[in-house]
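These notes concern the structure reproduced below.
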Amino acid sequence: MKRFILFITILCTVFSALVSQEYIDSSFTMNGDEKAYIFSADEYMRYDFNNDRTDPGYPKRVNYTSWPGVTFSKIDAALNWGNGKVYFFSANRYIRFDLARNSADSGYPKSINNNTWPGLTFSSVDAAVNGGNGKAYFFSGSKYIQYDIDSDKSDFSSPREIATFWRQVPFNKIDAALRIGNLIHLFSGDETIAFNMNRGVAISKTPSSINIWNGIADFIEIAPEIAAIPEPQGIQDPQASQNPQGSPNQNENRNSEFSIEEFEVSVSPPVLNENSVLGRANIIALASGSYVIEYQNKDTVYFLGLDSNFQRNGFEKEYQGYWFSEMIPAKGGGFYIALGKDINNTYIGGYPNTIFAGKLDSSGREEYLTRIFGGNGHGSLKAWFDGRSRAKLTEGNSELGVYFEVQKNWSETREEDIHNGDMFVVLNSRGQIQEDRTHFWTASHSSTIQTAFGSNGDFYTMTIGDAYPYGLQYYNRAKDRNWIIWPPEDDFVSYEEVNSTNAAGILEVMLPLEDGFIALMGTLEHPNIGVFDKVDVLFMKVDLEGNVTDQRWLTRTPGKDESVITAIPWGQDYLVAWGKGNDYDMDWEPANITLSTISRDGRPLIPAKEWDYPMGTYSYLTPGLDDSALWLYCDNGNRSIQIFQLRGGD
């Protein structure tokens, strides 16, 4: 106990300057308590108890180099299983790490579910501890689960309240748990209490202030989620055993991080856009455990259901006279769709007059299909507005946000004076338009658009205008506030100077964070990009008030086009893919896909690598079932669609 208190006291002194307001999330000791690894946000440090100091060269980043195979950038809890394995938990996923091999075991990360942890019904873990009695204890919220280590399953049929076992422990939430001998020290907020495992009761009736731990008060205040796991004597230090200088592990084959498997789904009629040279298709995973593919043939949209093995399950639906634009899964089951329709059925892959948004259940039954906008027809000698086929969808609290392009002919006498703008609409759970929340024409020439739902309960949009405004517009639709977050002020092009064939970039990705969003775009350092300019990939992180909090380039490859960019959440991080798409100079052949993972601040975790798999202009990553990622490829006129399934690990 004295050694641990001393460690905490010194740690608070030497580490406070390093972590500032960052969270210390977890820790575990090595070599018979001679070393401790302390994790804070996306960094960690190694503490030497014998010398009572931090080892040289720390802190380091939590990444694939420092902890081979661990793809998490933040560790929520750590559990020593007592057999040379440590389990790292992050959100709803976990990784098993082999200390002797200094590497995560293959096939990880995995989801926390009944298959991987039988009876562990928590979707995430606040704290975990090995009780030293053949049982492990998991805490989440006000409940806990007792888990039998030998039989590898929960002893409980359902979680129990903490008070049912942890007698005289007054806490309804455990932030951290640490076992020393037969005592488990439990922390909650600014209080702590010790539980005697032999007697089955807390050693006192009331908790103590964490000040009794000689400096741990500040430590816990900064870090409400800390876990320390004593390691059995004799387990080797993974950094010292294979990499004594603490330099990056050069022997790790980091290119083996991904495994990719290919499937093929036959379709009839073939994938074909009659007036387009590129085939288009999309796939999503449903809450029911199945998939839906959407593809276009001539003037008809087709939906096909697939089981978890990508075999057709009998679900088929079609919308004749429509063009597909977007499809996303619904949180409560089923899926949302956005479709375009032309009154003359002649604008294949072009500019349908009308935008529809709808919702279907997992069997294909239509719950609603709402005409959002357009339908007055092209060519009349008067001003008209029409919806374009490019729409983006996002689900809020029982509502659907629809963001799309519109057109206006500004001339009363000519057909040629056509301009593009944007429109944002909110539908309630019955598919009814909320007129008081509709925004119309807040950006001109908004040809690349994205929308997402914020953690504050507001809908947000992003679009890159090439005329008014110039740059990446970030918009809080609920509060009617917007900001230009790219390009830098020195590179801004005024309305008088703008060329409507150029833009500040190509916006491809918008994903929500706890306190904002990330955006990925193809652009250049000094952007005024034309049609044939080759762009790099830029990562941006923006908070809910329009402040750019992080920005970095994922590629700097002059002369190489990386304008097709796609990303999805990957545990606590992001899986990112980019490429050129279908190549005009190569008779529309697809380019290869490049894959990487990045942290939430855009740091590369797995180096970008080009794979010999096709990535077309319309190939987008989408989350699959069972911790996988998917993308599709199909050629114009193909009678099958290629599905590529990616998993982490060997």
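Worth a mention:
- Where strands (runs of 3 or more DSSP E) fall entirely within segment 337-443, those with at least 2 residues that are open to solvent by 10 Å² or more (accessible area, probe 1.4 Å) and at pLDDT 90 or above are at 354-360, 366-374, 385-395.
- Residues located in segment 632-648, provided they are under 18 Å from D573 (Cβ atoms) and open to solvent by less than 10 Å² (accessible area, probe 1.4 Å): L646
- Pair list, Cβ under 6 Å, 6 or more apart: segment 151-178 residue in contact (Cβ under 8 Å) with a residue 60 or more places away in the chain and aliphatic (A, V, I, L, M), other residue outside any strand (DSSP E or B) and open to solvent by 70 Å² or more (accessible area, probe 1.4 Å): none
- Residues of segment 530-545 that are modelled with pLDDT under 90 and either open to solvent by less than 10 Å² (accessible area, probe 1.4 Å) or in a loop (DSSP other than H, G, I, E, B) (or both): G530, V531, F532, D533, K534, V535.
- The number of residues in segment 576-627 being without any contact (Cβ under 8 Å) to a residue 12 or more places away in the chain and among the hydroxyl-bearing types (S, T, Y) comes to 1.
- All positions within segment 326-336 that are open to solvent by 20 Å² or more (accessible area, probe 1.4 Å) and in a strand (DSSP E or B): E326, I328, P329
Residues checked against (1) within 18 Å of the chain's Cα centre (by Cα); (2) hydrophobic (A, V, I, L, M, F, W, C); (3) open to solvent by 10 Å² or more (accessible area, probe 1.4 Å):
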{"site": "Q572", "(1), (2), (3)": "yes, no, yes"}
{"site": "I593", "(1), (2), (3)": "no, yes, no"}
{"site": "I598", "(1), (2), (3)": "yes, yes, no"}
{"site": "D601", "(1), (2), (3)": "yes, no, yes"}
{"site": "K609", "(1), (2), (3)": "no, no, yes"}
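- Long-range neighbours under 7 Å by Cβ, at least six apart or interchain, first residue free of Cβ contacts under 8 Å to residues at least 60 places away in the same chain and open to solvent by less than 20 Å² (accessible area, probe 1.4 Å) within segment 302-322, second among the small types (G, A, S) and outside any strand (DSSP E or B): G305/S290; L306/S290
- Of I75, I112, I145, all but one fail to be modelled with pLDDT under 85, β-branched (V, I, T) and either open to solvent by less than 30 Å² (accessible area, probe 1.4 Å) or under 29 Å from G602 (Cα atoms) (or both); the exception is I75.
- Any hit, segment 487-496, residues being part of a loop (DSSP other than H, G, I, E, B), touching a Leu at 6+ places or on another chain (Cβ under 9 Å) and at pLDDT below 90: yes
- Residue identified as touching a Ser or Thr at 6+ places or on another chain (Cβ under 8 Å), surrounded by 24 or more Cβ atoms within 10 Å (Cβ to Cβ) and part of a loop (DSSP other than H, G, I, E, B) among G119, G69: G69
The values are calculated or read from the model by the stated rules, or taken from the named source; none is laboratory data. This structure is a prediction, so every number in the text was calculated from the model and none was measured. Ideal geometry is used to build each Cβ from the backbone, glycine not excepted, and the neighbour counts take in all protein chains shown. Note: accessible area is taken over every heavy atom of the protein model, side chains too, but ligands, DNA and RNA are not part of it. Shrake-Rupley method; radii C 1.70, N 1.55, O 1.52, S 1.80 Å.
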